[in-house]
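These notes are about the structure you will find just below.
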Amino acid sequence: MKRREFSIHLAGAGLGMAFGSAAQAQGGPIEGQHYVRLSTPAAVTLPAGKKVEVIEFFWYECPHCNAFDPMLEQWTKRLPEDVYFHRVPVGFSARHQLTQKLFYALEDMGKLDATLHKKIFAAIHVQNQNLLSEQAQVAFVSANGVDGAKFSEMWRSFQVATQCTKAKQLTDAYKIDGVPALGVQGRFYTSGSLAGSNERSLAVADFLIQRIRQAG
């Protein structure tokens, strides 16, 4: 979903078969067509033992991110051990920033496991819950076993505000203008609209991971 377009539309609709004949002839995705190289590399943060960083830029209210999440979860289970995958919620607007704070408050509390992450998507897209206020989020997390008072304190904290600022800086560095999108090692990014579908963007990410490895 483009940052300036909050209405639902199909990313990459009508782009045809994966990568197209030109890419197949060259043996893989094409730079500038299926993925973009950053003119200025973005910062990379790697924990000990990790060599390649992959980031999903997403928004909880985005229907494409919701649809993408199950296939992304399966894909991450197959990643090599030296690949560090993590999510960055975008904060394009004040509305985006509300669920961005939900993500970071829960993450900093150590409560954002895969189950609760899925429940947030389900609450918004299946149960039609409105989580666009601190009060609504406190009620939601409390119903899911999280201390509401502690969550509210974290939600308002300088720590969460700092993480939101860093997320914006990283989003800007990757020049992300729509979600979901995948950033690789601060050098490349791809998305469903570039690759032809969100599923194909994962194949492009696999290609880019190998490219990073080969380049050393």
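The values are calculated or read from the model by the stated rules, or taken from the named source; none is laboratory data. Treat the numbers as computed from the prediction; the structure is a model and nothing was measured. For neighbour counting, all protein chains shown are included, and Cβ atoms are generated from backbone atoms with ideal geometry for every residue, glycine included. Each accessible area value is taken on the protein alone, full model and side chains, heavy atoms only, with ligands, DNA and RNA left out. Shrake-Rupley method; radii C 1.70, N 1.55, O 1.52, S 1.80 Å.
If the condition is being of a type in the set (A, V, I, L, M) and surrounded by fewer than 17 Cβ atoms within 10 Å (Cβ to Cβ), then region 117-129 contributes Ala122, Val126.
May I ask you to verify whether His96 is open to solvent by 20 Å² or more (accessible area, probe 1.4 Å) and either under 17 Å from Leu182 (Cβ atoms) or in contact with a Phe, Trp or Tyr (Cβ under 6 Å, 6 or more places away or on another chain) (or both)? Here the answer is no, as His96 does not meet what is asked. Candidates Gln33, Gln26: the one that is open to solvent by 70 Å² or more (accessible area, probe 1.4 Å) and either of a type in the set (Ser, Thr, Tyr) or modelled with pLDDT of 95 or more (or both) is Gln33. Scanning region 131-165 for residues that are hydroxyl-bearing (Ser, Thr, Tyr) and surrounded by 15 or more Cβ atoms within 10 Å (Cβ to Cβ) returns Ser152, Ser157. Answer yes or no: is there a residue in region 174-191 that is in a helix (DSSP H, G or I) and either hydrophobic (A, V, I, L, M, F, W, C) or surrounded by fewer than 23 Cβ atoms within 10 Å (Cβ to Cβ) (or both). No, there is no match, as no residue in region 174-191 is in a helix (DSSP H, G or I) and either hydrophobic (A, V, I, L, M, F, W, C) or surrounded by fewer than 23 Cβ atoms within 10 Å (Cβ to Cβ) (or both). Looking at region 76-172, the helices (runs of 4 or more DSSP H) lying wholly inside it that each contain 1 or more residues that are in contact (Cβ under 8 Å) with a residue 12 or more places away in the chain and under 17 Å from the mean Cα position of the chain (by Cα) sit at 94-108, 114-125.
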